[in-house]
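A quick write-up on the structure given underneath.
The values are calculated or read from the model by the stated rules, or taken from the named source; none is laboratory data. This is a predicted model, so every value here is computed, not measured. When we count neighbours, we look across all protein chains shown, and the Cβ atoms used for this are built from the backbone with ideal geometry, even at glycine. Note: areas computed on protein heavy atoms with side chains; ligands, DNA, RNA excluded. Shrake-Rupley method; radii C 1.70, N 1.55, O 1.52, S 1.80 Å.
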Amino acid sequence: MLIIPQTEAGSCCAHAVCRADPQRQHMPRTARSIFHVITVAVGALIVPAAAQEVKQRVAIFDFETVGFKSDVGKSITEIFRVSMINTGKYRVVERETLDKVLREQNLQVGSAVIDENSAVKIGKILGAEFIIIGNVVKLGETYTINTRMVDVQTGEVIITAIKTTKGEADQLLGIVREAARDLCLEYLRLRQRK
């Protein structure tokens, strides 16, 4: 049993809350001890939750393809989207939500050919802080993924990530994940500098 010494006028401690509440002053010592333990435990749970960083909302548009079939861009975008979710740093807008807004704005759903200004406008409608646009380029046996994170409020490109690999198209899987990771890490570095 924890014994808390009385400090003044029967209060259990020097806390202003305990001194100000006459009912607490008349609590048995055991009840006061339990009250303090619960108060400290609840406080310990609330403070870390409040201190957690708010995740940024990001809309990822289908990547344009250059040098090969357009459906590859959609596949690469989906892998990139899941990779961004897996970083745990962002709230990523679902493809269906993005497609719905594109339809409402009379823009072609699933099209990677949306200009940056339209993408920023759609990002604002979605409540996203950032949009990510990019392309996948095949030149000979070399594949390059170019990604750009754009601030929706300013329309400014704030971060880019470029990844290149040579060989089979299967090599794209690794560099897509690397591009997502690099974009995330670069954004975190940028925030720390501010």
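Collect the residues in segment 96-125 that are at pLDDT 80 or above and buried (at least 17 other Cβ atoms within 10 Å of the Cβ), keeping them in residue-number order. Of everything in segment 96-125, those that are at pLDDT 80 or above and buried (at least 17 other Cβ atoms within 10 Å of the Cβ) turn out to be Leu98, Val101, Leu102, Ala119, Val120, Lys121, Ile122, Gly123.
So that you can scan it fast, the table gives a plain yes or no per residue for (1) closer than 24 Å to Gly67 by Cα; (2) open to solvent by 30 Å² or more (accessible area, probe 1.4 Å):
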residue: Val136; (1), (2): yes, no
residue: Leu139; (1), (2): yes, yes
residue: Thr164; (1), (2): yes, yes
residue: Arg181; (1), (2): no, yes
residue: Glu186; (1), (2): no, yes
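Scanning segment 122-175 for residues that are assigned to a helix (DSSP H, G or I) and without any contact (Cβ under 8 Å) to a residue 24 or more places away in the chain gives Asp170, Gly174.
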